[in-house]
Structures are given as structure tokens and as C-alpha cells.
Amino acid sequence: MRPFILTAIISLLTTSVFAADPSVKITSFSYVTGSNRMAELCGEVSDTTSPQTYVQVTVDPNTKNPAAYNVYAGRGKFCTVVVTYTGSAIAEIL
């Protein structure tokens, strides 16, 4: 019985060590037109275990007035239209 418990504990620990953490990456960012501040932002989520993944996109994060957009990442990909003053954004999994 003890070897079985020891084997179960070791396999549980190694499974959690080698499991990849979910990550999000912005893949494209382009202004809609040159005359306004609207931009299309797209990205992808990888190594997620949940079929429903939500991403929070923060636009202009290093300013006094950052804006947050919550986006559903269906099949691991997402796109949204944002308004930006500095052209910078970060994304994180909710």
C-alpha cells in the first residue's frame, strides 16, 4: 500500500510541475483610420484548461486614465476595437 501512495504522490507532483500556465499574447494592433483613435486589437490565449476564457485588455496602462475592456476568447482567439491615446495595451487572463 505504501508504494502505491508514494507513486500517486510523485505522479501528482510531477503533473503539476510540468503543466503549462495559461498565457495571452497580443498578435495584432492596427488603427482603423489615421484620423481617429480607434484601433483593432487581436490576440490569442494558449495553454488554457477552460473552454470559456475571458481576457482583460488594458489600453493606455501607464497613463492617468487607463481603459479596461473585457473580451471573450472563443477557441483561444479574440479581437476587439479599442480607443487609445498612446497606442499601448496589455492583456491578461481573468
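Throughout, read-outs are computed from the coordinates displayed, never taken from laboratory work. Everything numeric in this text was worked out from a predicted model, so none of it was measured. Here the Cβ positions follow ideal geometry from the backbone for every residue, glycine too, while neighbour counts run over all protein chains shown.
With a sphere of radius 14 Å drawn around the Cβ of ASP21, what net charge do the other residues whose Cβ falls strictly inside it have (Lys, Arg +1; Asp, Glu -1)? That sum, taken over residues with Cβ under 14 Å, equals -1. Remark: LYS77, LYS64, LYS25 ranked as LYS64, LYS25, LYS77, counting other beta-carbon atoms within 10 Å and listing the fewest first.
Taking all Cα pairs closer than 8 Å and separated by 6 or more residues, the relative contact order of the range 20-93 comes to 35 percent. By the count of neighbouring beta-carbon atoms within 10 Å, fewest first, GLU44, GLU92 end up ordered GLU92, GLU44. Extension gain for THR49-LYS64 works out to 1.9 nm (0.36 nm per residue, less the C-alpha to C-alpha distance). As a rough footprinting exposure proxy, the listed residues THR84, THR53, THR27 were ranked by other beta carbons within 10 Å of their own, and the order from fewest upward is THR27, THR84, THR53.
From the square roots a ≥ b ≥ c of the eigenvalues of the alpha-carbon gyration tensor of the range 20-93, which class results: rounded (a/c under 1.5), prolate (a/b over b/c), or oblate? Prolate is the answer for the range 20-93, as a/c is 1.5 or above and a/b outweighs b/c. Length available on full extension from VAL32 to ILE93: 0.36 nm per residue minus the Cα-Cα distance, which gives 19.5 nm.
Across the range 34-47, rounded Karplus estimates of 3J(HN,Hα) from the backbone phi angles (6.51 cos²θ - 1.76 cosθ + 1.60, θ = phi - 60°) give x, 9, 9, 9, 7, 9, 9, 10, 10, x, 9, 10, 10, 6 Hz, Gly and Pro being marked x.
Using the Cβ of GLY87 as centre and a radius below 14 Å, the other residues enclosed give a net charge of -1, where K and R count +1 and D and E count -1.
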